[in-house]
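The values are calculated or read from the model by the stated rules, or taken from the named source; none is laboratory data. Source: prediction; values computed, not measured. Glycine also receives a Cβ, built like all others from the backbone with ideal geometry; neighbour counts cover every protein chain displayed.
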Amino acid sequence: MNVSNETKVGALTVIAVTMLVLGYNMLKGKNLIKRSDVVYARFNDVGALEISSPVKIKGYRIGNVYSIGSADENVSQVIVAINLDKKVNIPVNSLAAINNSITGSSSLNITPGDATAYIKEGDTLKSSNSPDLMAKLSNSIDPALTNIKQAVDSLKLVLGNLNSVFDEGNKANLKAVIANLKNTSANLNVLLNSKDGALAKTLNNAETFTSNLNKNNENLNKTIENFKNTSQKLSELQFKETLTGLNNTVAQLQGVIEKINKGEGSLGMLLKDPKLYNSLQNTVRSVNVLIDDLKTHPKRYVSFSVFGKKDKGQPLMAPLADSITNKQ
């Protein structure tokens with residue numbers, strides 16, 4: 001059977017138109033070969049969202065943006081048609097949000113809710129307007145830029161103050177201070193020289209002294225131990241001698257007291273024998289009588305003419321104190 005050229009051209013035209021329609025719809029995100037559901041979402045601003053942008057739930061792609069249109073002539077809201085080519089259950093309280101990346105591409109993310117009822121074809125999802133990434137970066141960068149500007153202004157002020165402070169006189173003083181610091185650093189280097197420096201010599205001497213102590217450590221320990229033993233023995237010896245002397249003294253004192261109690265010796269007889277006491281008392285009384293008589297009748301005992309005639313009065317028989325007491 002022969003097919004005319006017109007039929008061939010017509011068939012090719014139909015096939016081309018069909019492929020064009022299918023390709024256009026596929027570019028728009030709608031697959032005419034495969035069944036899909038369409039739901040909607042309303043936004044105040046869709047940003048860089050375009051037709052065929054991906055629609056995702058938890059990062060899993062479930063469809064594409066099919067169309068974007070205005071709700072009215074004033075464009076109070078933008079209606080986004082979502083073509084769902086995956087069979088998923090989306091709770092009715094889920095939220096749709098537009099995610100703008102730094103590369104300029106956008107996607108529509110659906111955050112599932114906790115409702116037990118699910119949306120159906122033609123339903124409208126609730127939406128939330130989240131700021132895009134550039135807006136977030138701008139909001140984050142603006143305070144930082146403000147702080148940097150304030151820091152630069154403060155730095156300018158400090159530099160201005162430094163310029164006003166460091167006049168010619170202050171610069172000269174600063175140079176002198178730096179020169180002194182340089183000299184001090186040089187002297188310090190000499191002091192800290194590991195070979196000839198004073199500090200190195202001192203450390204070497206200290207090391208030598210420590211080494212000698214370490215070598216003679218045993219001898220020092222023996223010397224200290226001998227000194228400790230000698231001191232201990234001397235202390236014990238002195239204590240023993242003192243204790244022995246004290247014991248002897250106590251013993252002698254006890255012997256004397258015992259003799260006194262027995263009436264032995266002069267002190268014991270004086271305490272125990274009343275005769276000795278009376279004799280001593282009489283002797284003392286006679287001495288007093290003699291002294292009083294000498295005072296009363298000095299001519300009786302001294303025969304110088306300067307006293308005149310010899311006193312022939314009666315001698316005293318009692319001390320004057322006893323006489324006066326008896327008269328009273």
Across the range 90-112, what is the total count of residues that are at pLDDT below 90 and either more than 18 Å from F43 (Cβ to Cβ) or surrounded by fewer than 13 Cβ atoms within 10 Å (Cβ to Cβ) (or both)? 4
Across the range 50-75, the tally of residues that are touching a residue at least 24 places away in the same chain (Cβ under 8 Å) and polar (S, T, N, Q) stands at 4
